[in-house]
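The block underneath contains the structure these notes are about, expressed in structure tokens.
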Amino acid sequence: MELLLSLTHDARSEPLHAQLERQLREAIRGGRLAAGERLPATRALAAELSVSRGVIVEAYAQLAAEGYLATRRGAGTVVAAAARPARPPRPARYPRAVPEDFHPGMPDLASFPRAAWLRSLRAVLREAPDQQLGYADPVGTPRLRTTLARYLGRTRGVAADGGRVLVTSGLTQGVALACRALRRRGARRIAVEDPGFMVHRGVAAHCGLEVVPAPVDEHGLRTDADALAALDADVVLVTPAHQMPLGGVLAPARRAELLAWAEARGTYVIEDDYDAEHRYDREPVGALQGLAPERVIYAGGASKVLAPSLRLGWLVLPQALRAALTTEKTLDDLGTSALDQLALADFIERGELDRHLRRMRPRYRARRDALIAELARVLPAWRTGAGIAAGLHVVALLPEAVEEAAFLAAANERGMRLHGLSWFRVDPTLPAPPGLVLGFGNASEPSLARAVARLAEVGEAVPGALGDAA
């Protein structure tokens with residue numbers, strides 16, 4: 001055992017054995033040395049502290065006489081069982097995450113493919129050469145970049161080779177890197193969907209960009225001439241595959257109009273390929289990036305398809321931005337964990353990601369159907385149905401007379417933490433229908449039924465929440 005001890009070799013200081021006795025006594029009283037813990041052998045500790053063995057022997061003997069230490073045959077000197085700290089140490093306090101009911105965007109954590117992921121990790125640890133345990137290329141390991149380029153090309157229609165791919169520590173870091181790089185190139189204003197993902201606008205503002213709202217409807221971002229002209233933005237950030245939170249899919253005509261706008265202004269669109277993998281009642285929609293690789297920064301990640309804790313994401317970059325984004329990533333963290341990258345590459349190459357998604361789609365679809373059916377049965381005055389052909393959440397619109405803030409406050413008083421639709425608004429003071437964004441990915445069907453019942457209990461305390469029938 002190593003001990004944090006420091007002796008002062010000074011004639012004016014107290015004797016060495018007394019210093020040692022005091023420090024060990026304080027460590028035992030303070031709980032830093034617990035009953036039964038073994039102390040270093042006298043010779044070893046004497047060598048470490050550069051004192052004679054007699055100093056250690058004398059200190060140990062005195063503390064043993066006081067009942068702090070005990071000598072056990074074959075076990076050396078240990079802290080005596082009778083030596084209790086004068087005041088038990090306080091356990092470390094960490095902020096506890098408050099569980100969120102209907103957390104939107106959270107996948108089924110219990111279904112994480114642990115065995116398959118462990119096989120990939122073991123393969124990497126067994127086969128990776130020693131050099132790959134050193135500092136990796138900040139933009140990502142060549143193996144994962146190549147694997148991702150092939151996978152995204154096959155499943156999302158992304159136009160890329162490994163040289164365009166930059167691996168990030170989650171999608172959020174990717175968005176931040178893109179915002180910072182564009183800010184350094186002169187961008188000042190970024191348009192984000194309204195309503196849209198609140199993290200996007202927080203990241204963009206933190207990177208020094210002025211956030212401006214871009215209106216959306218049931219078909220996604222509005223791209224008519226008047227809407228685009230009114231943006232007066234240098235960059236646009238969109239979720240075209242499944243608009244967050246309303247769920248619209250950006251139609252081909254709107255995609256063309258948005259890309260024409262970017263081309264005419266010589267600027268870029270950041271594409272968050274949100275919920276692209278989770279589709280149930282519609283055909284897959286290709287990525288916007290495949291239509292204009294030099295105008296779109298494509299962003300994706302493993303959080304929604306595997307687990308948020310993996311912190312693995314990726315960007316697919318226009319050629320003109322590769323150097324700038326490489327610099328941003330290098331200075332940010334010198335690169336994402338290479339072992340995790342290699343494990344993900346192996347996981348994809350063995351077809352495990354495809355198999356996992358095939359298993360999860362019917363499971364998520366069943367949960368979505370159960371949630372919608374339960375809402376219709378228990379809360380018939382609420383409206384659902386828009387944007388539910390894909391994704392991990394349902395938007396439930398409350399009766400128009402309900403004050404959303406009042407409903408959220410009543411839910412909070414009853415121990416429910418919910419996401420209101422107003423949370424996704426760039427300007428929450430503008431008129432908008434009251435609603436909730438209800439995630440179903442990480443909840444079983446029985447737990448969804450119980451949660452809907454709790455929503456009804458909240459509704460009983462909020463005027464108009466149960467509709468005319470109330």
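Peptides 111-124, 295-308 ranked from most to least packed by the mean count of surrounding Cβ atoms within 10 Å: 295-308, 111-124.
For the chain, the Cβ-based charge dipole about the Cα centre amounts to some 1700 debye (Lys, Arg positive; Asp, Glu negative; other atoms uncharged).
The antiparallel fraction among DSSP beta bridges confined to the range 112-353 stands at about 35%.
Rounded to the nearest Hz, the phi-derived 3J(HN,Hα) couplings of the range 150-167 under the Karplus curve 6.51 cos²θ - 1.76 cosθ + 1.60 (θ = phi - 60°) are 5, 5, 5, x, 6, 9, 10, x, 6, 8, 6, 10, x, x, 8, 8, 10, 8, where x marks glycine and proline.
Once backbone amide H atoms are built at 1.01 Å from N, Ala214 has Val192, Glu193, Asp194 as its partners under 5 Å, excluding neighbours fewer than 5 places away on the same chain. The amide H of Ile297, built 1.01 Å from its N in the peptide plane, has Val269, Ile270, Glu271 as neighbours under 5 Å, considering only residues 5 or more places off or on other chains.
Across the range 112-353, C-alpha contacts under 8 Å between residues 6 or more apart give a mean separation that, scaled by the residue count, equals a relative contact order of 29 percent. Counting 0.36 nm for each residue step from Arg72 to Ser309 and taking away their Cα separation leaves a gain of 80.8 nm.
Local charge for Ala181 was computed over the other residues whose Cβ lies under 13 Å away, with Lys and Arg +1 and Asp and Glu -1, and equals +3.
Other residues with beta-carbon under 11 Å from the beta-carbon of Pro446 carry, at +1 per Lys or Arg and -1 per Asp or Glu, a net charge of 0. Report summary: the helix-based calculation at 222 nm, which adds -39500 (n - 2.57) for every DSSP H run with n ≥ 4 and divides by the residues of the chain, gives -12500 deg cm²/dmol. Using a cutoff of 8 angstrom between alpha carbon atoms and counting only pairs six or more residues apart, the relative contact order for the range 345-437 works out to 22 percent. The shape of the range 1-55 comes out oblate: with a ≥ b ≥ c from the C-alpha gyration tensor, a/c is at least 1.5 while a/b does not beat b/c.
Read the figures in this text as sums done on the coordinates, not as results from a lab. Just so it is clear, the model here is predicted, and its values are computed rather than measured. We place every Cβ from the backbone using ideal geometry, glycine too, and count neighbours over all the protein chains shown.
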